[in-house]
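All remarks here apply to the structure that follows.
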């Protein structure tokens, strides 16, 4: 429970803030141990959260800045709670500022930073929390925060590049869908009434387009219900073990995108493993945490098998070599790192390589998708043109 307090030291200097404790007596004892005398203590007032702050999202960039600035302040000699207080005041993201303020109060109450972070699993990932915990136990919190900041910055840059590459294909698909709706709702009905007045026999393709147009216009509400139901059904199926496995397999085998997604998983595994090893975690702990950062059941199963092999005494390079999910260069470079005693450097090298591969693939993604979209659009336009022009041409010959 949080308590507001105002206290003064032996010199009469006043300090105020919030502290987390089980009861007022515990809060009083914690503050007295710090050499302060209580002037006031009470429960804090409920904070009002703005509507914009409620919907504000905490991005990877926000967390990267949070980690870097926290590292700088701790290195400068500020206590962890003071550094968090300062972070809460200067963080632009209102939601993160509120969480940081609560973290400061929790840490002031004697809780470790990693345990305080664990109270916000939707903001801080298990890898982030466990890495901080390792840094606390090994006395390398500053180094760990620096590594986390670099990793989050790289992740943010990678996701931004992929999103940027997908803007053009997404725009084309939306435009194509809009054109299809306009053709079937407005163009085809006008032509259908013209052909009906002339009373000529229509080709099969024309009759098919008119039939689809009538179906869309007369039963549009059914299509809306169907699409909404389909989306809900797919989301529900994804939550089942079978559905999740099906879509995870589909992700890594889907044309064009499958190879890109595999490289993203491998880069994420290597970068996370390197960070955790630098933080002092043993290989088994690294595999467990790296497993959590890859949101794909296929790769998670592969890493679980590798974890069991390592637990039985097999080197990590050999365990990964036995899996078809990792290229040979991954196991080869990790083997070199294991032999030299610098496995984290090998993992960093692999992470840099695959991150660059992902960036290169993302840059060329639009050019790879563009021909496919052009072919689809060409076929659709060609079908409409043939279905419309052919009966008009036939009528022109009869007149």
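Since every read-out is calculated from the coordinates, none of them should be taken as a lab result. Every value quoted in this text rests on a predicted model; they were computed, and no experiment measured them. FYI the Cβ positions are ideal-geometry reconstructions off the backbone, even for glycines, and counts take in every protein chain you see.
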Mean Cβ neighbour count within 10 Å, used as a protection proxy, ranking 246-256, 125-135 highest first: 125-135, 246-256
Relative contact order of segment 159-285, defined on C-alpha pairs under 8 angstrom at six or more residues apart (%): 13 percent
For the chain, built as a Gaussian network whose Cα springs stay under 10 Å, the top-fluctuating residue of 58, 234, 283: 234
Volume in Å³ per residue [convex hull over Cα atoms, computed for the chain]: 201 Å³
The chain: angle of helix 241-253 to the longest principal axis, Cα-based, in degrees nearest 10: 70 degrees
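By the gyration tensor of its Cα atoms, with a ≥ b ≥ c the square roots of the eigenvalues, what is the shape of segment 194-255: rounded for a/c under 1.5, prolate for a/b over b/c, or oblate?
On the way: a/c = 6.71, a/b = 2.47, b/c = 2.72.
Oblate is the answer for segment 194-255, as a/c is 1.5 or above yet b/c matches or exceeds a/b.
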Most mobile of 229, 280, 337 in a GNM of the chain (Cα contacts under 10 Å): 229
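Please tell me the relative contact order of segment 59-124 in percent, rounded to the nearest whole number, where contacts are Cα pairs under 8 Å and at least six residues apart. Spell out each step's value before the answer.
On the way: 44 pairs, mean separation 15.1, N = 66.
That works out to 23 percent.
Suppose R0 equals 45 Å; then what is the FRET efficiency for residue 180 and residue 340 from their Cβ-Cβ distance, rounded to the nearest 0.05?
Numbers: r = 59 Å, r/R0 = 1.31.
So the FRET efficiency works out to roughly 0.15.
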Spin-label pair residue 349/residue 314, simplified geometry with 7 Å Cα→Cβ offset, distance in nm: 2.4 nm
GNM result for the chain, Cα springs below 10 Å: residue of 344, 92, 143 fluctuating most strongly: 92
Pair residue 323, residue 359: separation of 7 Å Cα→Cβ label points (nm): 2.5 nm
Sorted by Cβ density within 10 Å, fewest first, the residues 180, 225: 225, 180
